[in-house]
Amino acid sequence: MKFVLNYSPQAADLLQSGTIDIDRFKCPPWPDMIAAASAYRPVYIHFDLKAGPGLNGSVDWDTLAALRTQTNTPYVNLHLAPKPEHFIGMPITTTDPAHIAAVTGRMIEDVEQAVERFGADRVIVENVPYDPGTDFRVVRPAALPEVIRRVVEETGAGFLLDISHARISARSLGMDEYAYLEQMPCERLCELHMTGLGYNRQGHLTDHLPITEQDWPFLEWVLARIRSGLWAHPWALAFEYGGIGPIFEWRSESSVIAAQVPRLYALAHSV
């Protein structure tokens, strides 16, 4: 399994000095960042597509395809991220079966647009964090394991498991974190994302933080299931720490990257 790291100037400096090693940098579809990161390692793009709002022809598929080809990015990813404003009158915490069906159907429709363009074997869907008290407000049905599984099964797409997102959703749903992870459609696992968890100033659990001693066991458990053959073998493990801009610049510490990347690189290459 390859090891991938969010691009940041700090990571590039550590790579150039020989302090860390990686297989690829992970970048959003930003040409300037792609160019900067490509000077150090091959890049793969994590697209910002969302399933749930209703794409309705809003995506420039030709530009997306060109970026994918340019970087040899193996998959086109979509986030399963329907929000309350996409479903007028739907409470964010809804348990109504009609609402669950509507959300599921909309996400399937959006994923199918990508599948029609690239083929099911080149499309993956990512679980997102459900916490109704945060600014990233997805409706509850999007986090239900049975809904995520149905989207994967009906579209034929692969699955991108974000371990931290799953843990946040599990807590919000009142589920055991391991039990929640176990219900994900990981027989179709294609990619893994990992970060640490912590609490923000509003007291909400958040990700994209350094990995703590409480976080490592979840990654080890996931990798054990992959090694055992219970779950499919993903192409890459991405450490989503660090980046550029106000969202990430305060959590791009060189000391964290230098300390944690070697362990993650070794774990990825052990699978």
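If one computes the Cα centroid of the stretch 87-114 and of the stretch 150-216, what distance in Å separates the two points?
Taking the Cα centre of the stretch 150-216 as reference, the centre of the stretch 87-114 is 20 Å away.
Determine, for Glu126, Glu213, Glu177, the number of other Cβ atoms within 10 Å of each Cβ, and report the residues in order from fewest to most.
With the fewest neighbours first, Glu126, Glu213, Glu177 line up as Glu213, Glu177, Glu126.
Report, in degrees rounded to the nearest 10, the 0 to 90 angle that the Cα long axis of helix 163-173 makes with the longest principal axis of the chain.
Once rounded, the angle reads 30 degrees.
Please work out the FRET efficiency for the pair Trp216 and Glu109, using the Cβ-Cβ distance as r and a Förster radius of 35 Å; give the result to the nearest 0.05.
For R0 = 35 Å, the calculated efficiency reads 0.35.
Would you mind checking the tilt of helix 254-269 against the longest principal axis of the Cα atoms of the chain, expressed as 0 to 90 degrees and rounded to 10?
70
Sort 66-74, 108-116 by packing, meaning the average of other beta carbons within 10 Å per residue, with the highest value first.
Packing proxy ranking, top to bottom: 108-116, 66-74.
When only DSSP loop residues count, what trypsin sites (Lys or Arg not before Pro) in the stretch 188-244 have their Cβ near at most 12 other Cβ atoms within 10 Å?
Answer by residue number: Arg201.
What is the helix-to-structure angle for 216-228, meaning the angle in degrees between its Cα long axis and the longest Cα principal axis of the chain, kept from 0 to 90 and rounded to the nearest 10?
80
Is there a quick way to get the dipole size of the stretch 2-269? I mean about its Cα centre, with the Cβ of Lys and Arg at +1 and of Asp and Glu at -1; what is the value in debye to the nearest 20?
180
Around Asp162, which amide H atoms from residues at least 5 apart in sequence, or from another chain, sit under 5 Å from its own amide H, with H modelled in the peptide plane?
Those lying under 5 Å, H to H, from Asp162 are Asn127, His193.
For Ser228 and Glu154 in the same chain, what is the full-extension length gain: residue separation times 0.36 nm, less their Cα-Cα distance, in nm?
Residue separation times 0.36 nm, minus the Cα-Cα distance, leaves 24.0 nm.
Mind checking which lysines have their C-alpha under 22 Å from Lys26, skipping anything on the same chain fewer than 8 residues away?
Lys2, Lys50
Which FRET efficiency, nearest 0.05, do Thr69 and Asp21 yield, Cβ-Cβ r, R0 25 Å?
0.45
Sorting check: for 142-155, 22-35, which peptide has the highest mean count of neighbouring beta carbons within 10 Å, and how do the rest follow?
Order by mean packing, descending: 142-155, 22-35.
Return the calculated 222 nm mean residue ellipticity for the chain, to the nearest 500 deg cm²/dmol, obtained by summing -39500 (n - 2.57) across DSSP H runs with n ≥ 4 and dividing by the residue count.
One gets -12000 deg cm²/dmol as the mean residue ellipticity at 222 nm.
Could you order peptides 92-99, 39-46 by the average number of other Cβ atoms within 10 Å of their residues, highest first?
Result, highest mean first: 39-46, 92-99.
List the residues whose amide H sits under 5 Å from the amide H of Val76, counting only those 5 or more places along or on another chain, with H placed 1.01 Å from N in the peptide plane.
Under 5 Å from the amide H of Val76 lie the amide H atoms of Val123, Ile124, each far enough along the sequence or on another chain.
Loop only per DSSP, at most 12 neighbouring Cβ atoms within 10 Å: give me the chymotrypsin sites (Phe, Trp or Tyr not before Pro) in the stretch 45-131, ordered by residue number.
Of the chymotrypsin sites (Phe, Trp or Tyr not before Pro), not one in the loops of the stretch 45-131 has a Cβ with at most 12 other Cβ atoms within 10 Å.
Read the figures in this text as sums done on the coordinates, not as results from a lab. Quantities reported herein were computed from a predicted structural model and do not represent experimental measurements. When we count neighbours, we look across all protein chains shown, and the Cβ atoms used for this are built from the backbone with ideal geometry, even at glycine.
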